[in-house]
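The values are calculated or read from the model by the stated rules, or taken from the named source; none is laboratory data. As the structure is a prediction and not an experimental result, all values here were calculated from the model. All Cβ positions, even for glycine, are placed from backbone atoms using ideal geometry, and neighbour counts span all protein chains on display. Accessible surface is based on the protein model in full, side chains and every heavy atom, while ligands, DNA and RNA are left aside. Shrake-Rupley method; radii C 1.70, N 1.55, O 1.52, S 1.80 Å.
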Amino acid sequence: ELNGKKLGALRLRNHYGINISRVYRSGVQLLATPELILQLGDRLTVVGEKAAIQNVEKVLGNAVKSLKEPNLVVIFIGIVLGLALGAIPFSIPGVSTPVKLGLAGGPIIVGILLGTFGPRIHMITYTTRSANLMLRALGLSMYLACLGLDAGAHFFDTVFRPEGLLWIVLGAGLTIVPTVLVGFIAFKMMRIDFGTVSGMLCGSMANPMALNYVNDTIPGDNPSVAYATVYPLCMFLRVIIAQVLLMFLLN
């Protein structure tokens, strides 16, 4: 019943004399603002008298055991809709051939839409922490396996040639130079904390392996939040710009 409602609409301070200080969702700690939309699986930090907190539990619920099962229906719907959306071609003004979001862009858009509008229409998008981590690890493993199979077939034949070495040097330069410049400007000039800068750079390169290293090295949720903020836009640009460049070069 509370899924999709705003925290301020419950008027917990007026009715029960308690305050919600923080909301813990999917491994990220959120500030409890009145405009925050509650979702199934949120863990709320309640401040107040013991008797009042016990009364609030009857309203908010404290069913930890019932949240041990992942909601597979939403996962299935999200994957199917994402793949379907990624296969739909759409036209860009000035480009003769339509482009597609592909297997990467489609699920990202559907995931953002489900996360934004799902709770508002009382759709349960809750997934257990273990299932979330398993899907991340599975996707990362498939990504690395497919990348290795695709790039490893003629790797040595390509590298040990002058053209191959030139491409490696150019690729290293295109990767390192912009990363160092953006990191220096963000950290030194704009005074953004190191964790946020690291997550932002990992998201801009769509590099989940680097994000895992950052999360193991830097405490807090700033790297993950920055990664999730930057990653969708950069993934769209990678998918769309690559197709647009190929069209211009081939034409």
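Selection of segment 35-52 for residues being open to solvent by less than 40 Å² (accessible area, probe 1.4 Å) and either acidic (Asp, Glu) or out of contact with any Lys or Arg (no Cβ under 9 Å at 6 or more places or on another chain) (or both) yields Asp42, Ala52.
Among the residues of segment 58-78, are any under 30 Å from Ile240 (Cβ atoms), open to solvent by less than 40 Å² (accessible area, probe 1.4 Å) and either in a loop (DSSP other than H, G, I, E, B) or among the charged types (D, E, K, R) (or both)? No, there is no match, as no residue in segment 58-78 is under 30 Å from Ile240 (Cβ atoms), open to solvent by less than 40 Å² (accessible area, probe 1.4 Å) and either in a loop (DSSP other than H, G, I, E, B) or among the charged types (D, E, K, R) (or both).
Checking the condition modelled with pLDDT under 80 and open to solvent by 40 Å² or more (accessible area, probe 1.4 Å), which residue from Leu103, Leu83 passes? If you could, list the steps in order and put the result at the bottom.
Details: Leu83 fails: modelled with pLDDT under 80.
It is Leu103.
Considering the conditions (1) open to solvent by 80 Å² or more (accessible area, probe 1.4 Å); (2) among the aliphatic types (A, V, I, L, M); (3) outside any loop (DSSP other than H, G, I, E, B), Ile109 is excluded by exactly one of them, (1). Candidates in segment 203-234 are the residues that are over 19 Å from Ala137 (Cβ atoms) and open to solvent by 70 Å² or more (accessible area, probe 1.4 Å); of these, the one that is nearest to the chain's Cα centre (by Cα) is Thr229. Here segment 116-131 is the region considered, the condition is being of a type outside the set (Phe, Trp, Tyr) and exposed (fewer than 15 other Cβ atoms within 10 Å of the Cβ), and the residue that is farthest from Ile37 (Cα to Cα) is Ser130.
Looking across segment 11-34, just one residue is under 22 Å from Ile124 (Cβ atoms), open to solvent by 30 Å² or more (accessible area, probe 1.4 Å) and not in a strand (DSSP E or B), and that is Ser26.
Restricting segment 183-193 to residues that are farther than 20 Å from Gly27 by Cβ and touching a helix residue (DSSP H, G or I) at 6+ places or on another chain (Cβ under 7 Å), which is most open to solvent (accessible area, probe 1.4 Å)? Outline the logic, then answer.
Residues of segment 183-193 that are farther than 20 Å from Gly27 by Cβ, as a first pass: 183-192.
Filter once more, so that each one left must be touching a helix residue (DSSP H, G or I) at 6+ places or on another chain (Cβ under 7 Å): 183, 186-187, 192.
On the way: Gly183: 14, Ala186: 5, Phe187: 81, Ile192: 49 Å².
Here the residue is Phe187.
Of all residue pairs spaced 6 or more apart or on separate chains, those with beta-carbon atoms under 7 Å, a first member in segment 237-251 that is touching a residue at least 40 places away in the same chain (Cβ under 8 Å) and a second member that is surrounded by 15 or more Cβ atoms within 10 Å (Cβ to Cβ) and part of a helix (DSSP H, G or I) are Val239/Gly102; Val239/Ala104; Val239/Gly105.
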